[in-house]
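Here's the structure, in structure tokens; my notes come after.
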Amino acid sequence: MPELGLEQEKPIVQGASMEITVSRQELLHELTAAQSVVERKTTIPILSNFLLEADEGGLTIAATDLDQSMKTSCVAKVKKPGSCTIPARKLYDYIKLLADGDISIKLMDNHWVQIRSGRSNTKMVGMARANFPQLPEFPSTSVTALPAASLKSMISKTIFAISNEESRYTLNGALLILKAESMAMVATDGHRLSLVEKHGENFPGITGEKKTLIPRKALAELQSLLSNTDVPIVEFADDENTLYFRIGHRTLTSRKLTGQFPNYEAVMPRDNNKFVVVKSEELGGSIQRVAQFADERSGAIRMRLEQNELKISSSSTDAGESEDTIETPYSFDPIMVGFNSSYMLDFLKAIGNTGEVRLEFKDAQSAGQMRPEDGTEEFKYRYIIMPMRI
């Protein structure tokens, strides 16, 4: 009999008795936030699962790919506390197809999970809770409150300039620079560099300068989370190996990128004394038209500045040739520079194709600089782009 008693107690310790009722709408909202962290193709089966944990506080949902993790929660009626793991993609797709209303989730024998909603009754094959990796816990000290709107804007102005080359490890993220009264973010792939700064912030816990390299994947998750919330601040912390971001009731963690980010200040142009100011929308339209006839591999276009006009042109043996002329004040020496059209369009998209943009040049061999002309802009935004030989 004592042995039988032990057998009965063991499943309870493992959370084998979990039974909850949760609103389909609220559950789907949180699964949507967490599912993007789940690795689609993984050699470790448990990483394809959500971890569901129920206690008196409600339901907690966790997902990880070992590089980053997401933890979120929602209100639930907990009949029996406990935990289970369920295939993430299958659960997400199934819950999407259910009608609104209450859903009951119950852990069965052998890690099977029963899901009931209205007249629908489904059993899914889960895995042992013990196999799910331990997730990092948010630190209790040295937490910095970042303004959510500023962080979101900075990510959108830099994420596209991050390198896609895995070999250039330190360029696979953006550098966040915090000072007592300012924040900045910079990203580069070696061909272009995007730098955005915002003064007038207040970070009382920061002395000197705090630099943090945030991986592209984590920035994309942050961008998504910030687009679906109205929380005013993001709580940010880090330790030796991990970055932590708390957005309301959701926590994103990311493994730190190691290595030294390049000295970006050394490549900022100093002598770009030739400039032209054009309407962003007009410039974007011209580049898009002309780029249709650029070399497919390089996307290179020519920009020729002469007396009061900017000529944008391209040609390729396959497609033909095209030229657009924009009339605009220009009184410096004529100059012709080649640039990657996609890089220029990325910047124009980031500033919203509105207002005017200033193009600054030194000569045909030196980096060009693009920045919004609007002086009332609360962000100081500069975009450096290397020239191409055409």
0 to 90° range, to nearest 10: angle between helix 216-227 axis and the chain longest Cα axis: 80
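Enter the accessible area per residue of the stretch 269-385 (Å², integer; probe 1.4 Å; all protein chains in place).
On the way: 6130 Å² over 117 residues.
In whole numbers, the stretch 269-385 has 52 Å² accessible per residue.
Which net charge results when you count Lys and Arg as +1 and Asp and Glu as -1 among the other residues whose beta-carbon is under 12 Å from that of residue 174?
Once all neighbours under 12 Å are counted, the net charge is +3.
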Residue (of 118, 387, 54) at the positive-pole extreme of the chain, dipole from beta-carbon charges: 118
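Let me know the charge dipole size of the chain about its Cα centre in debye, to the nearest 20, where only the beta-carbon of Lys, Arg (+1) and Asp, Glu (-1) is charged.
Working: 45 positive and 52 negative charges, 164 e Å.
Using only the charged Cβ atoms, the result is roughly 780 debye.
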Cα-based Kirkwood hydrodynamic radius, the stretch 19-131, one decimal, Å: 13.9
Simple Cβ-charge dipole of the stretch 19-131, Lys/Arg +1 and Asp/Glu -1, about Cα centre, in debye nearest 20: 400
Angle in degrees between helix 280-291 and the longest Cα principal axis of the chain, rounded to the nearest 10: 90
Mean separation of Cα contacts under 8 Å, 6 or more apart, over the residue count of the stretch 269-385: relative contact order %: 30
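Over the chain, what is the mean sequence separation of C-alpha contacts under 8 Å (at least six apart), divided by residue count, expressed as relative contact order in percent? Mind showing how you got there, number by number?
Numbers: 851 pairs, mean separation 47.5, N = 390.
Relative contact order comes out at 12 percent.
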Residue 275 long-range amide H proximity, modeled H, under 5 Å: 361
Cα extents of the chain along the three principal axes, largest first (Å): 97, 52, 36
Most positive-pole-ward Cα, 99, 83, 141, against dipole of the stretch 50-141 from beta carbon charges: 99
Inter-centroid distance (Cα atoms) of the stretch 312-341 relative to the stretch 139-192, Å: 32
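What is the percent carbon and sulfur in the accessible area of the chain, measuring with a 1.4 Å probe over the protein chains and ignoring ligands? Walk me through the numbers on the way to the answer.
Details: 9470 of 20210 Å².
Ligands and nucleic acids excluded, carbon and sulfur give 47 percent.
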Accessible surface of residue 132 - all protein chains present, 1.4 Å probe, nearest 10 Å²: 10
Principal-axis tilt of helix 2-13 within the chain, Cα atoms, nearest 10 degrees: 30
Accessible surface of residue 123 - all protein chains present, 1.4 Å probe, nearest 10 Å²: 110
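Using only the alpha carbon atoms of the stretch 213-335, find the Kirkwood hydrodynamic radius as the inverse mean reciprocal pair distance, in angstroms to one decimal. Please report the intermediate quantities before stating the final value.
Values: mean 1/r = 0.0528 Å⁻¹.
About 18.9 Å for the stretch 213-335.
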Debye intensity ratio in log₁₀ form over the Cα atoms of the stretch 269-385, taken at each q of 0.14 Å⁻¹: -0.54
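Quick one: putting +1 on the C-beta of Lys and Arg, -1 on the C-beta of Asp and Glu, what dipole do you get for the stretch 144-264 around its Cα centre, in Debye to the nearest 20? It would help to have the intermediate numbers written out before the result.
Details: 14 positive and 13 negative charges, 36 e Å.
Roughly 180 debye for the stretch 144-264.
Dividing the alpha-carbon radius of gyration of the stretch 90-200 by 2.2 N^0.38 Å (N being the number of residues), what value is obtained? Numbers along the way, then the final one.
Values: Rg = 22.4 Å, N = 111, 2.2 N^0.38 = 13.2 Å.
Here the answer is 1.70, to two decimals.
By accessible area of protein heavy atoms, probe 1.4 Å, what ranking do 199, 111 get, highest first?
Details: 199 120, 111 80 Å².
Descending order: 199, 111.
Just add up the charged neighbours of residue 325: K/R +1, D/E -1, any other residue whose Cβ is under 9 Å from the Cβ of residue 325.
-3
Order 381, 94 by their accessible area, 1.4 angstrom probe, all chains in place, largest first. Walk me through the numbers before you get to the answer.
Details: 381 10, 94 50 Å².
From most exposed to least exposed: 94, 381.
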Nearest-10 value in Å² for the accessible area of residue 358, using the 1.4 Å probe: 50
Positive dipole terminus of the chain, leading residue within 38, 278, 214 (C-beta point charges): 38
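The values are calculated or read from the model by the stated rules, or taken from the named source; none is laboratory data. Keep in mind it's a predicted model, so treat the numbers as computed, not measured. In this analysis, Cβ positions are derived from the backbone assuming ideal geometry, glycine residues included, and neighbour counts consider all displayed protein chains. The protein model used for the area step is the full one, side chains on, heavy atoms only, and it has no ligands, DNA or RNA in it. Shrake-Rupley method; radii C 1.70, N 1.55, O 1.52, S 1.80 Å.
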